[in-house]
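For reference, the structure discussed in these notes is given below.
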Amino acid sequence: MGICDAVAVAKILNATLVIPHLEVNPVWQDSSSFMDIFDVDHFMNVLKDDIPIIKVLPDEFSWSTREYYATAIRGTRIKRAPVHASANWYLENVFPVLQSNGIAAISPFSHRLSFDNLPSEIQQLRCKVNFKALVFVPHIRALGDALVHRLRYPPGQSQASSTDYLRETTDQNGKQNPQKFVVLHLRFDKDMAAHSACDFGGGKAEKLALAKYRQTIWQGRVLNSQFTDKELRSQGRCPLTPEEVGLLLAALGFDNNTRLYLASHKVYGGEARISTLRNLFPLMEDKKSLASSAERVHIKGKASLLAAVDYHVGMHSDIFVSASPGNMHNALVGHRTFENMKTIRPNMVLLGQLFLNKNISWSQFRQAVVEGHQNRQGQLRLRKPKQSIYTYPAPDCMCHA
């Protein structure tokens, strides 16, 4: 999303964009670059008529490095761009720097462009970048296609030992009817559990461990910490556990014949936490069960590339459901909306309140879940003021009038 905004800002300023540098997230610890994740030549080709893009700085600007900006205050660095800044802010504050120096480095840049009051061509350009220009590198797409194929056409016996997944993907179609599958984005990592400040039943030891982690990563600056677990759950602010997601899917009518692909990083609590979900959905698969270690060698230990594979599979599933809101959820919801694909958005407030009710029967729970999700199964939702164009691409990017 930051890359899309960078293209838009370059267009506003009539400037050349240098392929952005990606910061290393303190949680994921992945140093993958733009070119490790995205097909840079495709990116530049799709946008060639919109803005000029270069991979590296010309020699005359080779002094403009991260190290250069780290050692002193520099006139060419813009470090105070406000969150959701307007186009005028960039014209008034960044354009003069460009005129005087020929270069401007904007950092930090996350969420630094408004979603409102922008020309329609800028909004449409943001969507063009997001939905057309940004595609994953070929080896990510190839592995993703192989996983999708294995979900659609499950073999009689495991073929995860095969490394020729390109040939396998193209040669076996037609031998059996393709099966449907659901992608579940289980956002239940340690950082999500800690940041939520919710109680997940692990007792005093778990609470202390998550509190310590919160302090380490966010220095205790977590808004949810001021609320009780009951308050957080009743407000829908707790991520769904694997067990709770299983109950949600079962209430919506999915059963032990449902093919489920688990898109996740490291689930907090490990296999012990996933076992209940696996018992409900024995046909559940993930990257490790579908692909050999040899096939996964280029993405091993790289959170961004692992997420890219999950994203690719998520864009080819019949249904996508996310256990809790977040960047991955928002990106896939928007992309699938743009492509008119079915997405289930859990009603977090309703589910939080239902799970607090210890006396509710299964029939009551199921009825409440079905009724509470009738309008949360992929119906088009128009973007409201301040909402992200990447999550809600209609009407800005999907309507001709």
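Of note:
- Selection over the stretch 1-33 of residues that are buried (at least 16 other Cβ atoms within 10 Å of the Cβ) and either more than 29 Å from Trp218 (Cβ to Cβ) or not β-branched (Val, Ile, Thr) (or both) gives a count of 19.
- Only one of Ser293, Ser275 that is hydroxyl-bearing (Ser, Thr, Tyr) and within 26 Å of Asn257 (Cβ to Cβ): Ser275
- Helices (runs of 4 or more DSSP H) contained entirely in the stretch 198-253, each with at least 1 residues that are among the hydroxyl-bearing types (Ser, Thr, Tyr) and open to solvent by less than 60 Å² (accessible area, probe 1.4 Å): 203-218, 229-234
- Candidate set: the stretch 37-90, residues that are β-branched (Val, Ile, Thr) and more than 30 Å from the chain's Cα centre (by Cα); chosen: the one least open to solvent (accessible area, probe 1.4 Å): Thr76
- Hey, Phe115 of a type in the set (A, V, I, L, M, F, W, C), in contact with a helix residue (DSSP H, G or I) (Cβ under 8 Å, 6 or more places away or on another chain) and not assigned by the TED database to the domain that holds Tyr261 or not: no
- Being open to solvent by 60 Å² or more (accessible area, probe 1.4 Å), over 16 Å from Gly236 (Cβ atoms) and small (Gly, Ala, Ser) is a property that does not hold for Ser388.
- Options Gln367, Gln379; residue that is out of contact with any strand residue (DSSP E or B) (no Cβ under 7 Å at 6 or more places or on another chain), over 21 Å from Ser234 (Cβ atoms) and without any contact (Cβ under 8 Å) to a residue 60 or more places away in the chain: Gln379
- Helices (runs of 4 or more DSSP H) lying entirely in the stretch 6-89 (those with 1 or more residues that are at pLDDT below 95 and either in contact with a Pro (Cβ under 8 Å, 6 or more places away or on another chain) or not aliphatic (A, V, I, L, M) (or both)): 66-71
- Taking the stretch 258-356 as the region of interest, the strands (runs of 3 or more DSSP E) fully inside it that hold 1 or more residues being open to solvent by 40 Å² or more (accessible area, probe 1.4 Å) are 342-344.
- Long-range neighbours under 7 Å by Cβ, at least six apart or interchain, first residue touching a residue at least 40 places away in the same chain (Cβ under 8 Å) within the stretch 333-348, second of a type in the set (S, T, N, Q) and open to solvent by 40 Å² or more (accessible area, probe 1.4 Å): Ile344/Gln377
- Neighbours by Cβ (under 8 Å, 6+ apart or cross-chain): first from the stretch 289-317, more than 22 Å from Thr343 (Cβ to Cβ); second among the acidic types (Asp, Glu) and at pLDDT 95 or above: Lys302/Asp36; Ser304/Asp36; Leu305/Asp36
The values are calculated or read from the model by the stated rules, or taken from the named source; none is laboratory data. All of these numbers come straight from a predicted model, not from anything done at the bench. Note: ideal-geometry Cβ built from the backbone for every residue, glycine included; neighbour counts use all protein chains shown. In case anyone asks, the SASA skips ligands and DNA or RNA and just uses the protein heavy atoms, side chains included. Shrake-Rupley method; radii C 1.70, N 1.55, O 1.52, S 1.80 Å.
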